[in-house]
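See below for the structure under consideration.
Each value in this text was obtained by applying a stated rule to the coordinates, not by laboratory testing. All figures in this text were calculated on a predicted structure; none of them were measured in a lab. Cβ sites come from the backbone with ideal geometry, for glycine too, and all protein chains shown count toward neighbours.
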Amino acid sequence: MPLQKAVFPPIVAVFNHKGGVAKTTTAGNLAACLAALGYRVVLADLDAQGNATGSFGILPLPPVGAMDVITGRVPLNQALLPTAFPGLSLLPATTQLRTAELELAAHERSHQALREAFANQGIADHADIVIIDCPPSLGTITGNALAAAAAVLLTARPDPYSHEGLVNTWHEIKRLRQVANASLNVAGILLTMTGDDPTGDDVERSMRAEFGDQVYAVSIENDPKVTEAAQLGVPVAVLDPDGGAGSSYLLATEELVTRLRRHARHDVHTLAEPAAHGVAQNTLRDWRARLPGLQRRANQSPAWTAVAAANVDAEADAFAPPPPQQANPDKSGFGWGPVVAALLLGMAMGAAAMAFWG
């Protein structure tokens, strides 16, 4: 189908050629924070692993999703899934993304399939802004995301390997501008998983010196709440909006909005003024309070934990101490009984020997 002329909402692809740099975590939290700032948001999960979809508690992966929209099998409005957070919809990953390279090979403009689908199906009717979680490789699907995007946000850890991966990704973006999307902007570099060790601090300083104001002022610290949030199927910005990573993601999202509004384009809707920081943070707190099964854990710090209602008992079992080990008579080796008996026997023999030599 030919590409219709359309004005798109800002489409931001979150990408790095290297994995393990909190790309998916960042995409999900940006989407949640953008919704808290008052925008209608679509989070498109284009990674065949489906981690962004799973991070919102949608597992197993649904039968209909992003690949159906890209190929035109299903209209966009039938593939979008609502989330627990007002204003935020999910275009989920499906297992069909694993065969995307083969399926899109016959497409006349294979790298433009997503952009054409968004244009022809009126993505602007559903979103003020779109966040795309890309696979950690520059294949056909990532090419589609970057060809459709107005901007790409690069996530990177402050370690030597990630730094090298960031440089390689930067060159890939420049090459893709020449062949697929000349107007693709870089929405900046967000440093993630910071604060681990002094070496990381040195690398962060080096990256900030090398890339200048492309690096966001705020960075996302290494926070155990991020892992807990992923396990519970909620963004950490909702689970712990006042914590280290949660509050930093809101600040990073506000910086992203500022950059997008500063570099407005004629073919992209300009984002409206976002809600105030305090309003957005209160919205995240309210979402946290409304999560099903929200409870304070006893004998822990007063941090809140979100638990899906159906999983409350399972979650309680997961944090309960393990039952005491039962003796297994079939296993060889000494238990505590034989050890104690041997000690008493040794003490008796020692006493007898002292009496004998005394």
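Data table
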| item | result |
| --- | --- |
| Compactness index (Cα Rg / 2.2 N^0.38 Å), segment 1-150 | 0.93 |
| Computed FRET value (nearest 0.05) for residue 102 with residue 196, which takes r as the C-beta separation and R₀ as 51 Å | 0.80 |
| Under the Debye formula (equal points on every Cα, no solvent term), log10 I(q)/I(0) of segment 11-290 at q = 0.12, 0.14 Å⁻¹ | -0.69, -0.96 |
| Reachable aspartates and glutamates, given that their alpha-carbon falls under 20 Å from the alpha-carbon of residue 225 and they are not under 8 places away in the same chain | 196, 197, 240, 242, 286, 315, 317 |
| Gain in span if fully extended, residue 59 to residue 269, counting 0.36 nm per residue against the direct Cα distance | 72.3 nm |
| Rough spin-label spacing in nm, given labels placed 7 Å along Cα→Cβ, for residue 174 and residue 77 | 4.5 nm |
| Segment 237-296-segment 20-77 distance, computed between alpha-carbon centres (Å) | 17 Å |
| Cα-centre dipole for segment 11-290 with unit charges at Cβ (Lys and Arg positive, Asp and Glu negative), debye to 20 | 620 debye |
| Residue-by-residue Karplus 3J(HN,Hα) for segment 34-46, coefficients 6.51, -1.76, 1.60, Hz, glycine and proline x | 5, 5, 5, 7, x, 9, 7, 10, 10, 9, 9, 9, 9 |
| Net charge, residue 247 excluded, C-beta distance under 12 Å - Lys, Arg +1, Asp, Glu -1 | -3 |
